[in-house]
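Coordinate-derived values only; no laboratory data. Given the structure is predicted, the values throughout are model-derived calculations rather than measurements. Counting neighbours? That spans all protein chains shown, and the Cβs are built from the backbone with ideal geometry, glycine included.
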Amino acid sequence: MQTHDIEQGDEPRRQILARSTQNANNSLWNYVSILSWLRALRALKMLMIIFPAVFGGMASWLAFQGTSSTPIAAAFAALAGFFPILFVAIGLDERISYYKALAGRYRLIHAVFENISTTSARYDDRSLEAEYDRAFSEYSRIREEAYTVPRWCFLRAKKVIEAGEYTLLSNDLLKGGRVGQAAPDGGLIAKEKITPDLGGSQQKPR
């Protein structure tokens, strides 16, 4: 099992909180990015359902127009049969199921890291480190197993997060970060931009 990435130093508790905040933000970036990719896959699925019906209807209509339209009707009929074959060949339903599950895993681990960052006062040092170890181990497993999504999904996620639809945590230990507004639960709400870790393995999107 992979243990935490905290360096030995005088303030391990502050390091744990900083890393928890960073990992929570990275998990959120990945979650929102995957949602963009899921929307694209679902739109593609809808098109693959609609196109065969449209092309099949055109083929039938042209077939009744006479022999002069027969070649065109045959072409439309071929297109109508092509999309179901393509749908099965690329495993679109399986891809949608995969990324839906992956989004759920990132959302869950985000919540765990967020809880560590914002409720750390409830833990003593030993319990805090153990909680972080468990979370980091699962986070590492997700990243190792995950297929990444196209880069445009991260760019889309950046716009969505900066628009305020999701809240990034922040603290003064994050590089390039500025101390944000204090949240009621003791966390820090980020108002600044934070560059995401384009998570996932180095595997190509599928």
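Other residues within the sphere of radius under 12 Å centred on the Cβ of ASP93, judged by their own Cβ, net out at +3 (K and R +1, D and E -1).
Taken over segment 15-126, the percentage of Cα pairs per 5 Å bin, counting from 0 up to the bin with the maximum distance, is 2, 11, 14, 11, 10, 9, 8, 7, 6, 5, 5, 4, 3, 2, 1, 1, 0. Judged by the gyration tensor of its Cα atoms, with axes a ≥ b ≥ c, segment 19-66 is prolate; a/c meets the 1.5 cut and a/b is the larger of a/b and b/c.
How would you order 159-169, 100-110 from highest to lowest mean count of nearby Cβ atoms within 10 Å? Intermediate values should be presented prior to the final figure.
Working: 159-169: 15.2, 100-110: 17.9.
The most tightly packed comes first, giving 100-110, 159-169.
Highest mean packing comes first when the peptides 31-37, 117-123 are listed by Cβ atoms within 10 Å, giving 31-37, 117-123.
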